[in-house]
Amino acid sequence: MEKLIKMLSNTVGDAFIKCGYEKNFGNVSASDRPDLCQFQCNGALSASKKYKKSPIRIANEILELLKKNSLFESISSAGPGFININIKDSVLADYLNNMSRDSKCGCAETDKPLTIIVDYGGANVAKPLHVGHIRAAVIGEAIKRMHRFLGNNVIGDVHLGDWGLQIGMVISELKRRMPELPYFIENYDGEYPITPPFTIDELENIYPAANALAKSNDEVMEECRKFTFDLQMGNRGYIALWKHILDVSVNDLKKIYDSLNVHFDLWLGESDCEKYIGEMIEYLKTNNYMYESNGALVIDVAEEGDSHNIPPIIILKSNGATLYSTTDLATIWQRIRDYEPDKIIYVVDKRQSLHFEQVFRCAKKTKIADENLSFDFIGFGTMNGKDGKPFKTREGGVMRLQDLIKNIQNSVLKKLDSDKEFSEQEINNIAAKVGLSALKYGDLSNQVTKDYIFDIEKFSSFEGNTGPYILYTIVRIKSILKKAGAEKNYCVTHLMHEPKSLYERELMLKLSKFNDSVEYSTYENAPNKLCEYIYDLSNAYNRFYHSSKIISESDIEQRNSWLSLSSLTCKVLETSVDLLGIEVPERM
Ligand code: ARG
């Protein structure tokens, strides 16, 4: 469906043309002063400069043409030349009826679908997921869903950290603990065991031990680097061990991401581009892009006009080892080859922004990526504790993601209505969903780039701008529809009549802006804008609900009209939370 503001802009724009001005001066936007009008057009003010006429004269010419137009309830000029617009209730009601019939509630799919890879999640194998990873998963999932909803071909890739130093560390610790394993026997040419020599719990204990030791002992660190290098050079035993680490770890990660309702299309990682590194280096050499600096091979990526120093990107270290920048560049190489993307969106901690700046510039400069491929870096801020420092456990350690989820679910459990007769299983299910909504919405409702304070009490509250409040509104509407026997007619609309109250009209107006809000949130990569929208919508619904006695209304047409309005609100809210990756419980 065409957006309502687009429809209005068209009509007003045509009037500008008829009066001899450019069409885009007729652009209409939502009003800054909802107390005065619903929509406004400021074009007369901008046109006045170009056409050297007073804005009020231009505005009045436009009004003359539009005052009898069937879309408008009223159209008037204000101040120096603003045009204030209210639309007819019947126009609004028709628009909502069309929305109700549309499977995407009025959101049109793009006519130029792009192939978009969303690189998010970014878990590192062998290391337990910590709270820092929650943002990458939650924001990335929402970004992926929104772009897909608008008709793009979107591929989500977890891009595992599976090729770095942490693997060398695990190998070195395993060797200390179990030197007799065949993986460590030089020139061993037999088969390696099929079963991994550790469980996930052991693995999660091996890495921190190795990390602590390596950090306090230079020799051990050097050894870990050597293991990593030998692995990357194809040492058979280490490759076999690495495969075990990957199996055990990925199995566990899949469960965790599943429980978060985060789903990747691709489970690729840094190691998957390994096979392309050789040809990429060849390409860079042949075309003379690299030069030697202190033994390493580097490429300059600084550009004229840079406001800060952008150092050269290192492609190969002096010992021939590859780095994070090498794998990211080779991953672009691989993605172009396998998926021909138009865009790659990276959802990563903003502290990595320099790294990505270097990688993107290098990909463009070396023509690995042509001008048709664009890169978006969505760098997110840190999740902090109430002390303003990165979120920690009470003991001061790094909080594991699963513990965090448990905490928030417990907090929700305490708030759930104990009067309702939920079975133990149902109540746990509800707490799981509502808890996740608290966590995800608490994250997504913040502007992505900003650090925010993780506040369990606030996020899990059933009142205010929180996930549980939104879910509660949805569940409330569902229960109204059920009581009224209207559930089955969920998508069927009874013609909506003119609103009976101010609150009802406000709700209708808010609903009509859904497609605009989804488009904006998607193309600005700003899930917080969609959160803002559904919070306002929920408030609008709850005000309407308290002002109208829906179920006991005796005028059947009126009642049906209100039920349709409720059902459309429910559908819009459900669609929105689904775009945010949030699941709705049946009851709560
Ligand atoms: N594994 C990385 C980390 O934990 C994040 C990966 C992000 N994606 C990428 N293409 N580099 O920091």
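Structure notes:
- Set of lysines near Lys367 by C-alpha distance (under 17 Å), chain-local residues within fewer than 8 positions excluded: Lys285, Lys343
- Annotation for the stretch 371-423: trypsin sites (Lys or Arg not before Pro) lying in DSSP loop with at most 14 further Cβ atoms inside 10 Å of their Cβ are Lys386, Arg394, Lys420.
- Taking 1.002 mPa s as the viscosity and 20 °C as the temperature, the Stokes-Einstein diffusion coefficient of the stretch 290-399 based on its alpha-carbon Kirkwood radius rounds to 134 µm²/s.
- Estimated [θ] at 222 nm from DSSP helical runs (n ≥ 4, -39500 (n - 2.57)) normalised by residues in the chain, nearest 500: -17000 deg cm²/dmol
- Relative to one another, the C-alpha centroids of the stretch 70-84 and the stretch 187-206 are positioned 74 Å apart.
- Two-decimal Rg/Rh across the stretch 401-543, once Rg and the Kirkwood Rh are taken from alpha-carbon atoms: 1.01
- Nearest-0.05 FRET efficiency for Ser90 and Ala302, computed from C-beta distance (R0 51 Å): 0.25
- Positive-end residue, the stretch 433-588 charge dipole about Cα centroid, Cβ charges, pick of Tyr472, Ile556, Leu580: Ile556
- Shape class of the stretch 200-296 from the Cα gyration tensor (axes a ≥ b ≥ c, square roots of the eigenvalues): oblate, since a/c reaches 1.5 or more and a/b does not exceed b/c.
- Two-site label geometry, Lys6 and Asn319: point separation in nm, points 7 Å out along Cα→Cβ: 5.7 nm
- Think of each Lys and Arg Cβ as +1 and each Asp and Glu Cβ as -1; about the Cα centre, that makes the dipole of the chain roughly 1980 debye.
- Normalising the Debye intensity of the stretch 1-107 to I(0), with uniform scatterers on Cα atoms only, and taking log10 at q = 0.14, 0.19, 0.21, 0.22 Å⁻¹ returns -0.53, -0.90, -1.06, -1.14.
- By the rule of a C-alpha distance below 19 Å, with chain neighbours fewer than 8 residues away ignored, the lysines paired with Lys50 are Lys18, Lys23.
- Solvent exposure, largest accessible area first (probe 1.4 Å, DNA, RNA and ligands not counted), of Met178, Met99: Met178, Met99
- Once divided by 2.2 N^0.38 Å, the Cα radius of gyration of the stretch 511-588 becomes 1.24.
- At 1.306 mPa s and 10 °C, Stokes D of the chain from Kirkwood alpha-carbon radius, µm² per second: 58 µm²/s
- Centre-to-centre separation between the Cα atoms of the stretch 210-232 and those of the stretch 28-56: 65 Å.
- Along the axis of the charge dipole computed for the stretch 81-142 (Cβ charges of +1 for Lys and Arg, -1 for Asp and Glu, origin at the Cα centre), the listed residues Gly81, Cys107, Ala136 are led at the positive end by Ala136.
- Area accessible to solvent at Asp451, 1.4 Å probe radius, in Å²: 80 Å²
- Its Cα centre serving as origin, the stretch 45-140 has a Cβ charge dipole (Lys and Arg +1, Asp and Glu -1) of approximately 500 debye.
- Burial order of peptide ranges 456-464, 354-362 (average beta-carbon count within 10 Å, highest first): 354-362, 456-464
- Overall shape of the stretch 132-241 was characterised from the C-alpha gyration tensor. The equivalent ellipsoid obtained from it has semi-axes of 34, 18, 13 Å, in decreasing order.
- When the GluC sites (Glu not before Pro) in the stretch 511-588 are filtered for DSSP coil states and for at most 12 other beta-carbon atoms within 10 Å of their beta-carbon, the remaining sites are Glu524, Glu586.
- A 1.4 Å probe over all protein chains sorts Leu65, Leu114, Leu507 by accessible area into Leu65, Leu114, Leu507, starting with the largest.
The values are calculated or read from the model by the stated rules, or taken from the named source; none is laboratory data. Values in this document were obtained by computation on a predicted structure and should not be read as measured data. Note that each Cβ is placed from the backbone with ideal geometry, even for glycine, and that neighbours are counted across all protein chains shown. All accessible areas refer to the heavy atoms of the entire protein, side chains included, with ligands and DNA or RNA removed. Shrake-Rupley method; radii C 1.70, N 1.55, O 1.52, S 1.80 Å.
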